[in-house]
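In what follows, a structure is listed as structure tokens, so that the remarks can point back to it.
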Amino acid sequence: MKQISILGSTGSIGRQCLSVVEALPGRFGVVAIAAGANLEELLGQIERHQPELVSVAGPQKADDLSQLLKEKGIARKPEIHHGREGMLAVGTHAKAEIVVSAAVGVVGLEATYEAVKLGKTVALSNKEVLVAAGELVMAAAKNAGRELLPVDSEHNALHQCLPGGARGEVRRLVLTASGGPFRKTPLAQLANVTPEQALAHPNWRMGNRITIDSATMMNKGFEVIEAHWLFGVRPDQIEVVIHPQSKIHSMVEFVDGSVLAQLGPTDMRMPIQYALTYPERVASKEVALEWSKLKRLDFQKASTRRFPCLRLAREAMKKGGAFPCALNAADEIAVSAFLERRLPFLGIPEVIERVLSRTARVRLEKMEDVLTADAEARRMAQEEVARIAGGVAAQVRSA
């Protein structure tokens, strides 16, 4: 039985990961989990999986969890940690053979990096790990002699297709994108998009940030950067196409013109199970593609005019250094401001572009450099959000 640690156990990927574990009894044990503030969900996970160690957001949440466990009368109580130290404790737990990196944001970055350095198998869902610190993390993986196993459906698909040819035979990687809820929305109407509209994804049910990133297609920009690091291909070998049905998750085109595509349902349990059981393929009764409903497969070019975040991501990747880190940090702040109705939808790429224009050209040589660049980009993003919000308020008053 393989022991698993999960960073972000109460989020969408974390919950589905535990669902996969429960569907494969006897294969996996859950030794440590890190959550945030959702203690109700966490309590149920502790009851079902009995981890040795649990981490929560902060000291008050740790006290609250301890009290809840006492009230529940749970005999086998886990060690309770919190904050940065808690995340690191979960990611580096001595018994954990597989670490599922599913925490949203840079909160899981350090713990994932330390897990990679220790030579643990890392099932990677957290986009920020490679976007903010791709060079460092991949160098650590190479030194440890371990492969990162992608959980994102797109990179998971590429991981499955690439063995169809030698590395030098790959012409390009093709990442598919649903196009989100605004694929056909007139450009003039995007200025008035509400959070509710942006959160109404046509195909996937995900956490709030990744759903908004899907609406702006920043998630696809992040995925281009991730693919560059994961698979060692040049940026110009990575293409993004709109595929509204979300049934082909990605494709690999080889130099002879052959294209291998991975198809599957819009269900994250499939790539999660692939990553957890690799290199085996284990039978699943949980998910399957319904061929009778697969009537057509459409593709179209991804417009950077409609989705400027795609352009910004490529520019940040080309510049390297602190720029991809700043890209991610600025996006996180801008998306949060949009969800809180402090920033219009089109303000998201505007904030990101302004932060990138202010970012210094520095190389990130250690994790402390990454965290410093992240903090500085967040500070600048908050300033830009306030500046744009102030401008909008002034326009309203003058009207």
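Considering the options Gln262, Gly11, Ala94, tell which one lies farthest towards the positive end of the dipole of the chain, charges being +1 on Lys and Arg and -1 on Asp and Glu at the Cβ, about the Cα centre.
Gln262
Within the range 89-126, name every residue whose backbone N is under 11 Å away from a label modeled 7 Å from Cα of Glu365 along the Cβ vector.
none
Of the DSSP beta bridges with both residues in the chain, give the percent that are antiparallel, rounding to the nearest 5.
The antiparallel fraction comes to roughly 30 percent.
Keeping all protein chains in place, calculate the accessible area per residue for the chain (probe 1.4 angstrom), answer in Å².
On a per-residue basis, the chain sits at 45 Å².
Given a cut-off of under 8 Å on Cα pairs at least six residues apart, what relative contact order in percent is computed for the range 4-140?
For the range 4-140, the relative contact order is 26 percent.
Over the Cα atoms, compute the radius of gyration (one decimal) and Dmax (the largest Cα-Cα distance, rounded to a whole number) for the range 267-399, in Å.
Reported Rg and Dmax, both Å: 20.3, 64.
Taking K and R as +1 and D and E as -1, what net charge do the other residues with C-beta under 13 Å from the C-beta of Arg209 add up to?
-4
If amide H atoms are built 1.01 Å from N in the plane of the peptide, which residues on other chains or at least 5 residues away come under 5 Å of the amide H of Gln245?
Close amide H contacts, sequence-distant or interchain: Asp298.
What number, rounded to the nearest 500 deg cm²/dmol, is the helix-based mean residue ellipticity at 222 nm of the chain, given -39500 (n - 2.57) per DSSP H run of at least four residues and division by all its residues?
Value at 222 nm, helices only, nearest 500: -15000 deg cm²/dmol.
Assuming a viscosity of 1.567 mPa s and a temperature of 4 °C, what translational diffusion coefficient in µm² per second does Stokes-Einstein assign to the range 62-136, Rh being the Kirkwood radius over Cα pairs?
The estimated diffusion coefficient comes to 96 µm²/s.
Given a Förster radius of 45 Å and the C-beta distance between Leu339 and Glu135 as r, what FRET efficiency does 1/(1 + (r/R0)^6) yield to the nearest 0.05?
Step by step, r from the Cβ atoms, then E = 0.90.
Which whole-number percentage describes the relative contact order of the range 251-357, with Cα contacts under 8 Å and a sequence gap of 6 or more?
16
Starting at 0 and stepping by 5 Å, how many percent of the alpha carbon pairs of the range 231-337 end up in each bin?
So the P(r) values, bin by bin, are 2, 8, 13, 16, 16, 19, 14, 8, 3, 0.
May I ask you to derive the relative contact order of the chain, considering only C-alpha pairs under 8 Å and at least 6 residues apart, and to give it as an integer percent?
Rounded, it is 14 percent for the chain.
Just to be sure I understand: if I project the alpha-carbon convex hull of the range 1-47 onto a plane and average over all orientations, what area do I get in nm²?
If I average the Cα hull's projected area over directions, I get 2.9 nm².
So I have (1) 0.98; (2) 1.05; (3) 0.92, and one of them is Cα Rg over 2.2 N^0.38 Å calculated from this model. Which one is it?
Read-out from the structure maps to (1).
Once R0 is set to 22 Å, what does the formula 1/(1 + (r/R0)^6) return for the Cβ-Cβ distance between Ala389 and Glu40, expressed as a FRET efficiency to the nearest 0.05?
Step by step, r from the Cβ atoms, then E = 0.10.
Antiparallel as a % of all DSSP beta bridges within the range 154-290, to the nearest 5?
65
Expressed as a whole percentage, what fraction of the accessible surface of the chain belongs to carbon and sulfur atoms when a 1.4 Å probe is rolled over the protein heavy atoms?
Here it works out to 50 percent.
How much length is gained if the chain between Gln50 and Asp256 is pulled fully straight, taking 0.36 nm per residue apart and subtracting their Cα-Cα distance, in nm to one decimal?
Roughly 69.0 nm would be gained on extension.
What size of dipole, in debye to the nearest 20, comes out for the chain about its Cα centre when the only charges are +1 on Lys and Arg C-beta atoms and -1 on Asp and Glu C-beta atoms?
In debye, rounded to 20, the chain gives about 760.
Looking at this model, which pairs from Lys61/Lys142; Lys2/Lys77; Lys184/Lys318; Lys117/Lys247; Lys247/Lys285 are more than 26 angstrom apart at the alpha-carbon?
Among Lys61/Lys142; Lys2/Lys77; Lys184/Lys318; Lys117/Lys247; Lys247/Lys285, the Cα-Cα distance tops 26 Å for Lys61/Lys142; Lys184/Lys318; Lys117/Lys247.
Report the full-extension gain for the segment Leu263 to Asn208: residue separation times 0.36 nm, less the Cα-Cα distance, to one decimal in nm.
17.3 nm
Considering the options Leu175, Ile33, Val21, tell which one lies farthest towards the positive end of the dipole of the chain, charges being +1 on Lys and Arg and -1 on Asp and Glu at the Cβ, about the Cα centre.
Leu175
May I ask which residue of Gln67, Gly221, Phe231 lies farthest towards the positive end of the charge dipole of the chain, with charges of +1 (Lys, Arg) and -1 (Asp, Glu) on Cβ and the Cα centre as origin?
The residue sitting most towards the positive pole is Gly221.
How do the peptides 207-213, 172-178, 220-226 rank, highest first, by the average count of neighbouring beta carbon atoms within 10 Å per residue?
Order by mean packing, descending: 220-226, 172-178, 207-213.
Assign unit charges at the C-beta atoms only (+1 for Lys and Arg, -1 for Asp and Glu), then state the dipole size of the range 1-156 relative to its Cα centre in Debye, rounded to the nearest 20.
380
Take the chain, connect every pair of alpha-carbon atoms lying under 10 Å apart with a spring to form a Gaussian network, then pick out the residue of Glu353, Glu290, Glu340 with the largest mean-square fluctuation.
Per the Cα network of the chain with a 10 Å cutoff, Glu290 tops the list.
Which FRET efficiency, nearest 0.05, do Gln237 and Glu22 yield, Cβ-Cβ r, R0 35 Å?
0.35
The values are calculated or read from the model by the stated rules, or taken from the named source; none is laboratory data. Only a predicted model underlies this, so the values are computations on that prediction, with no experimental measurement involved. All Cβ positions, glycine included, derive from the backbone under ideal geometry; neighbour counts span all protein chains shown. For the accessible areas, the whole protein counts, side chains as well, though only heavy atoms, and no ligand, DNA or RNA atoms are used. Shrake-Rupley method; radii C 1.70, N 1.55, O 1.52, S 1.80 Å.
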